[in-house]
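Okay, so here's the structure we're looking at.
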Amino acid sequence: MSDSIVIIPTYNEKENIEAIIKAVLDLPKVFDILIIDDGSPDGTAAIVKKLQLEYPDRLFLIERAGKLGLGTAYIAGFHWVLERSYQYIFEMDADFSHNPKDLLRLYDACKIDGADLAVGSRYYSGVNVVNWPMGRVLMSYFASKYVRIITGMKVQDATAGFVCYKREVLETIDLDNILFKGYAFQVEMKYTAYCLGFNIKEVSIIFVNRMLGTSKMNSSIFAEGVFGVLRMRFRHLFGGIKKKQ
Ligand SMILES: Nc1nc2c(ncn2[C@@H]2O[C@H](COP(=O)(O)OP(=O)(O)OP(=O)(O)O)[C@@H](O)[C@H]2O)c(=O)[nH]1
Ligand SMILES: [Mg+2]
């Protein structure tokens, strides 16, 4: 078994799922994969099950009844991973917006450079986003600026969904106390790690807009982000962010 596992949440990713799994499994370093599929109507889970016959010891699947949100998908994945002995746990999208090759750089940032949480950052050195409509770039870029102003956390890409956690971070965070389901989940995990004193390191990546499949981004996810960050700040001010007992 590898020391590292990549958690990939999926909802209707039939066009991408086989290719993204093979891209990770073909990397020079051994990564296992855990797919969290929310009952995708397009049959994504069936494709994963077929591939599991080829990779029984490296490819795992959790199926959930319906679309329950990216945040809760990762929390379910973290609990599964913590029942096993993985030391490095990654978050990655299924649509090739994140380049699987960058997993190695996130791994090194934790394993060699001492980060507790390594963030694949679109905004660490300029704006590294390809083919995203200008509106999305501005919304995402200013969302991170807004998070920095409200929380004081010096992370350039606070909503980044491409990260590596050292096991200790997930063991320390009270995962069942994480509130947010959508993109605010990504901010909340980084802010909670920051408030608990963990060392966050950004690694510059290039984010490429998805070529295949459809976006799951919607206005309610955006609204959760705006008000959620304020709620996180107040929660911290009133001692609500604690280590898992
Ligand atoms: N399990 C699960 N996965 C989800 C859910 N929503 C999104 N995902 C997956 O989370 C990842 C990120 O979602 P995307 O739709 O790519 O979000 P995005 O990158 O902001 O939007 P695009 O720019 O259109 O790609 C993808 O792998 C999705 O399939 C969900 O509710 N449940
Ligand atoms: Mg995407």
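Give the carbon-plus-sulfur fraction of the accessible surface of the range 4-237 in %, rounded to a whole number; probe 1.4 Å, heavy atoms of protein chains only. Please report the intermediate quantities before stating the final value.
On the way: 5660 of 9760 Å².
That fraction is 58 percent.
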Spin-label point model (7 Å from Cα, Cβ direction): what's the L179 to E63 distance in nm? 3.5 nm
Nearest 20 debye, what's the magnitude of the dipole of the range 4-237 about its Cα centre given +1 on Lys and Arg Cβ and -1 on Asp and Glu Cβ? 640 debye
For the range 52-128, the Cα convex hull volume per residue in Å³ comes to 147 Å³
Expected max-MSF residue from G71, G213, G161 in the GNM of the chain (alpha carbon, under 10 Å) is G213
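Volume per residue, Å³, of the convex hull around the alpha-carbon atoms of the range 4-237? Please report the intermediate quantities before stating the final value.
Working: hull volume 27.2 nm³, N = 234.
Cα convex hull per residue, to the nearest whole number: 116 Å³.
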Chain lengthening between F227 and T214 when straightened (0.36 nm per residue, less Cα-Cα): 2.1 nm
The range 95-155: trypsin sites (Lys or Arg not before Pro) falling in loop per DSSP and having at most 12 other Cβ within 10 Å: K101, K154
Cut-off 18 Å, label point 7 angstrom out along Cα-to-Cβ of S2: give me the residues of the range 116-134 whose amide nitrogen falls inside. 118-120
For the pair K243 and D26, what calculated FRET efficiency results from E = 1/(1 + (r/R0)^6), where r is the Cβ-Cβ distance and R0 = 45 Å, to the nearest 0.05? 0.75
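Protein chains only, probe 1.4 Å: how do L138, L61 rank by accessible area, largest first?
L138, L61
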Averaged per residue, the 1.4 Å probe accessible area of the range 4-237, protein heavy atoms only, in Å², is roughly 42 Å²
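The values are calculated or read from the model by the stated rules, or taken from the named source; none is laboratory data. As the structure is a prediction and not an experimental result, all values here were calculated from the model. Cβ: placed from backbone, ideal geometry, glycine included. Neighbour counts: every protein chain shown. Remember, those area values only see protein heavy atoms, side chains included, never the ligands or the DNA or RNA. Shrake-Rupley method; radii C 1.70, N 1.55, O 1.52, S 1.80 Å.
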